[in-house]
1. Quick check: convex hull over the Cα atoms of region A:312-409, volume per residue in Å³, rounded to an integer?
2. How many percent of the alpha carbon pairs in region A:165-244 exceed a separation of 17 Å?
3. Can you check how the C-alpha radius of gyration of region A:749-814 compares to 2.2 N^0.38 Å, as a plain ratio?
4. How high is the relative contact order of chain B, given as a whole-number percent (alpha carbon pairs under 8 Å, six or more residues apart)?
5. For a 19 Å ceiling on Cα separation, which of these pairs sit above it: A:K124/A:K423; A:K278/A:K668; B:K18/B:K87; A:K641/A:K668; A:K423/A:K522?
6. Between region A:385-436 and region A:792-811, how far is it from one alpha carbon centroid to the other, in angstrom?
7. Can you compute the equivalent ellipsoid semi-axes for region A:88-176, i.e. the square root of 5 times each eigenvalue of the Cα gyration tensor, sorted largest first and rounded to whole Å?
8. Can you give the Rg to Rh ratio for region A:70-138, taking only C-alpha atoms and Rh from Kirkwood?
Amino acid sequence: MKTLRSWVLRLGGLVRKQSREAEMADELQSHLEMHIADNVRAGMTPEEARRAALMKLGGVEAAKEAIRERSTLPFLENLLSDFRFSLRQLRKSSVFAVTAVVVLALGMGVSVAIFAFVDAALIKPLPYPDPTRLMAVTESSPMLRSTNLSYLDYLDWKQYNTAFRSLDVYTSGGFLYTAPSGAEPVRAGKVSPGFFQTLGVAPHLGQDFPAAGDRAGETGTVMLSHRTWQMRFGGRNDVLGQPVTLSGEVYTVIGVLPASFQFAPLGAAEFWTTIAPKSSCVARRSCHNLYGVGRLKDGVTIQAALANLTAIASQLERQYPDSNRDRGASIVPFSEEVARNLRPILMVLMGGAALLLLIACVNVSSLVLARSEARKQEMAVRVALGASFSRLCTQFLTEGMVLVLAASALGLFLATSAMEALKNLIPLDMVPRMPFLAELGMSERVLAYAGAVSVLCIILFSLAPALHLTLSAKAFSQMQGGLMTGNRSSTGNGWRRLGSRLVVLELALAMVLLVGAGLFSKSLYRLMQVDLGFRADHLALIEVAAPDSSYETPERSVALERNLISKIGGLPGVQSVAITTIPPVSYNGNTDWVRFVGKPYDGKHNEVNERDVSSEYFTTVGAKLARGRFFTDAEDHTKPKVVIINQTLAAKYFPGEDPIGRQIGDTKLTPASIRTIIGVIEDVRDGALDAEIWPATYHPFNQDTSTDFTLIARTSQKPEAILPALGPAIHAIYPDVGTMSESTMEGRMNNSITAYLHRSSAWLVGGFAAVALLLGIVGLYGVIAYSVSQRTREIGVRMALGAQHGSIYRMVMKEAGWLAAAGVVLGAASAIAAATVSRNLLFGVSSWDAQTIIAVAVILGAAAMLASFVPAKRAARVNPVEALRTE
Amino acid sequence: MAAKTDVWQGTLALMVFKTLESMGPLHGYGIARRIEQISGNQLSLNYGTLYPALLKLEQEGSIASEWGVSDNNRKAKFYKLTRAGRKQLERETRDWEQATAILARFLAPGEEPL
């Protein structure tokens, strides 16, 4: 207590210094006067009296110093004075200070911003209780590591597994919501009744789906997302029990989800219902449309759970060989599933940001070292005046701290702006799938990361000059010598070597980032140039959803199709219109298992994409016919069933044969499923831009109708111009039909996740690389310029002995050339290694793409030559007489 | 080394407390002279070390200071015991007496108990 009190007072002593000094002087003065007066009274002469009193006190200044030490905290006071001194020093060399702070702030800002994304997407636990026990559970097939569950498989898994406390399923869905303004398509989540309990989420209002038996499906009830409750139902409590009409069926609202609830896979879902047991898909074991989410029992590992489910799956395979052949199980932590798309790119960006930070640190270190080199004299003076080595180190430490603190402040500011900017770059329709980004910001983990980086930087920037001081072993003892003669050459060489190594490191790091940027840019270019198999320009799309209750019969659906096509086709500027269940460049999936009449069948699942398209589809999108013919509009359910296949299917299943006229059926060759191949088209990219082409079948829409489809129009003017007219045109004749997601084909491709990931990695790594190149070149310039300034005398001698300007240029450029070459070679090797690690992110370009590496080497070499040209010119201008005289 | 200083500082503090208790408020010079007088001039105090010690006691709250005028009309800083200082004096006196009594028993000749 007493000690605490005195510490506080001593801490306070740091501020009111002036008054304390005066008081102390007064007190000692009065002490001396009294003592002198006593001594005089005792018979001394005034001089003797004064001398005796001073001796007894032990000297006024010594006494004052003793009091001062007691009245404040000396080490803190030293620190503060060092701090002030550092500020003065930095202000004096403001170019150095500003450069170092900006470079470091840039490096820190970028890495903190990227780390914030990593934190939000990968580190921050999901907003559910005990989130690490939540697993994404799916089936697996020979073609895909993870495929959807079928409802019947799910029921068996749920019943027989011993690994999960609970296992539930979800899938995305859509409804036509009958809003006061008319039919409106809305996103929905369809789940098994225990879904929210498995997640550990309790409704904000009302109740959860009642847990029915395995046959699930208490249909007719709906839960609302909090946002929907607020937006569509005014946030009223009496919403419970109200009827809601979804796709023509009446549901009762039983609950509202909490505002904090988020579920990334179904981020945009407004309405939540249970999976309808009467849908045709639920009854078929081969209809896979569900995703599983399960909560592991305590103590059960993923491996054990996987073994458990795999055993069940193989049992099901024996039991149902037709539908369950080769169907396995797959379990990954749910947190990984949520960030599956983002993880690789975030890792690459984090790596890039780390490299950039490293370059910034190396750059600032070499600046700090160069400065400490230039301050040898100052240090020598301080040592001569009695500064201890540790005192000098404290000085370095405070200078490092001032630098890093300033850089951190600026860096955090940069990071905050960068986060906002990066967030805005995410395409709008991807945002609902990333609910975790809503809390992007300076979380405690991000701040801890920034703090850790700062501390490391402080250590680096105070250790570097201190180490430099000790390592150049002669330096310390030679300081006196340095003071006397101003001789700089003895340690200059040591510094040149160290500086050169740092520059080689910087250039190598810059090379890695440049090659990365080059590879990503080339991937992006390849991706955008990928052979689509159709013409993506001048295509406008709109998704259409018609209520099943009114349009499910083939006749009505075909009438809807024909009316829409002729209506939209009549709009000005529209050349042709077509309909497809799934437009090109969407995804590989929505597959059929097929076999071929007259070909041996081994029971394996021949998985092919299946799309239902209107007769105008191929001509509208611009697909090319390889053999046979396209559909005619007359080919409806009254005519023999036909199918068009793509070349990949033809090559895979009819190698060297003419597929025209052959027949395709389902795995059992059910008579109703048999279709005759009438045409082969050149491959159209059905899946994502970077996905491989799957075998595909196209059925005539008129023979295989649907109430959910996409309408595609080819326009003569810009397709954007027609987008606003599409919805109203459809509603004008069909007010009960919903429309959504008007877009152009090029817009869809640009905003697709694939394009976004490639584009953002190309741009961001490109930005990192540009900064890295700049820093590397500045570093190189610094080293060469320093080297030239050190060798002024040598150059002078050379010139005095008759060296030509050209040879001086060559000499300097050669030094730079060696450094650059070393950096390029080291960098190329590291770049290939780094690219190999992240090759999954590359598209159409190999990790050792020679073109990119050579181009980057040339750029780096040219920049290096440019950077060394200026000092070389200065060297060549050296006046030999001047140079010799100065030394 | 630290222990040595502590003991010394401890005794100095006790002397200061006792002086202030018997003399009332007193300036630094007076305290120093008084200690020397009481010790029969056997203690030679370095006056320069007294002031940091006074500052320490003041920071710890056992004594307080105030500017005033001395007997011969000089401006001087007067120190006085605070309530906490009085308590500390009592406690330290007791401790010290106990310590010296124990030590005295050790040093007394021939009376070792069996």
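1. Here the figure is 170 Å³ per residue.
2. Within region A:165-244, distances greater than 17 Å cover 52 percent of Cα pairs.
3. Rg over 2.2 N^0.38 Å, computed on Cα atoms: 2.02.
4. On the way: 94 pairs, mean separation 29.5, N = 114.
The value is 26 percent.
5. Numbers: A:K124/A:K423 17 Å; A:K278/A:K668 24 Å; B:K18/B:K87 12 Å; A:K641/A:K668 17 Å; A:K423/A:K522 24 Å.
Where the Cα-Cα span goes over 19 Å, the pairs concerned are A:K278/A:K668; A:K423/A:K522.
6. 45 Å
7. Working: eigenvalues 566, 45, 33 Å².
With the √(5λ) rule applied to region A:88-176, the semi-axes are 53, 15, 13 Å.
8. On the way: Rg = 22.8 Å, Rh = 16.8 Å.
Looking at region A:70-138, the ratio lands at 1.36.
No value in this document is a laboratory result; all are computed from the given coordinates. Nothing here was measured: the structure is a model prediction, and the numbers come from that model. Every residue, glycine as well, gets a Cβ built from its backbone with ideal geometry; the counts of neighbours run over all protein chains shown.
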